[in-house]
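Each remark here refers to the structure printed beneath this line.
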Amino acid sequence: MTTTPSDVDVVLPCLNEADALPWVLGRIPPGWRALVVDNGSTDGSAQVARALGATVVREPRRGFGAACHAGLTAATAEVVCFCDCDASLDPALLAPFVREVHDGEADLVLGRRRPRGRGAWPAHARAGNLALARMLRRRTGLRLHDLGPLRAARREPLLALGLTDRRSGYPLQMVVRAADAGWRIAEHDVPYLPRTGASKVTGTWRGTWQAVRDMSRVLAETPAREGGTVR
């Protein structure tokens, strides 16, 4: 019988997700710590998260990457996970990701989003993600299909990557620098549900275009070293 390691922090970047928080926090595996990073919410998200037992980290500088990195630097667990806070992804699905990292089978485990339900993943967002996955393959050789936010890795190696992007390029920069460092990167299918509330990034063509611009800048970085495989 396999067990799930308990020394795990889950970083949940949050901007006005009060309605989604009860479901998301209720799906965190027992014994894990939820780090809700409040990125300037005005709907009481921080109070809701605190009342539900989460640790709240405040990051006043706006940006998805700023929130993610604030959570990473606040984490103390051996393994750190990342998950959106809008109920589009189930944090309980991180349990096998953590086991894979903990058992040394992979250094970074990513969730490949598979849409469930109408409107879960708008066409423009899917097209932008596909284009970036292709550019990532040319840059690193990684045959990834998605750059989704559900992921797990060890905290200290993540910090050592020296991630600098504080906007939409943060998830991609993590993958690029991990590949350059020779990390073993795995990808597994996960259901992607219609989010609660409006998207702050990919809900519009403009938001998607801005995200693609941020990530294209990351892809232009000079590689530190060659390497990286996907399982």
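Below are the figures for this structure:
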| item | result |
| --- | --- |
| R0 of 30 Å, Cβ-Cβ distance Arg62-Asp7: FRET efficiency to nearest 0.05 | 0.45 |
| Karplus (6.51, -1.76, 1.60) ³J(HN,Hα), θ = phi - 60°, over segment 179-190, in Hz, Gly and Pro reported as x | 5, 4, 8, x, 5, 8, 10, 10, 9, 9, 5, 9 |
| Cysteines not pairable in the chain (beta carbon separation under 4.7 Å absent) | Cys68, Cys81, Cys83 |
| Share of pairwise Cα separations in segment 60-155, more than 16 Å, in percent | 64 percent |
| For segment 125-169, fraction of C-alpha pairs farther apart than 16 Å, in % | 54 percent |
| Gained length - Ala92 relative to Thr196, 0.36 nm times residue gap less alpha-carbon distance | 35.7 nm |
| Global size of segment 3-43 as Cα Rg and Dmax, reported in angstrom | 11.4, 39 |
| Whole-number percent relative contact order across the chain, with pairs defined as alpha carbons under 8 Å at least 6 apart | 23 percent |
| Span from the segment 115-172 Cα centroid across to the segment 22-84 one, whole angstrom | 19 Å |
| Per residue, in Å², the accessible surface of the chain once ligands and nucleic acids are set aside, probe 1.4 Å | 46 Å² |
| Distant alpha-carbon pairs in segment 78-119 (separation over 17 angstrom), percent | 36 percent |
| Within the chain, percent of DSSP bridges classed antiparallel, to nearest 5 | 25 percent |
| Quotient of Cα Rg and 2.2 N^0.38 Å for segment 1-123, N being how many residues it contains | 1.05 |
| Efficiency of FRET between Glu156 and His188 - r from beta-carbon atoms, R0 25 angstrom, step 0.05 | 0.60 |
| Convex hull volume of the chain per residue (C-alpha atoms, cubic angstrom) | 110 Å³ |
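The values are calculated or read from the model by the stated rules, or taken from the named source; none is laboratory data. Since we're looking at a predicted model, the values are computed, not measured. Using ideal geometry, Cβ is built from the backbone for each residue, glycine included, and neighbour counts are taken over all protein chains shown. Note: areas computed on protein heavy atoms with side chains; ligands, DNA, RNA excluded. Shrake-Rupley method; radii C 1.70, N 1.55, O 1.52, S 1.80 Å.
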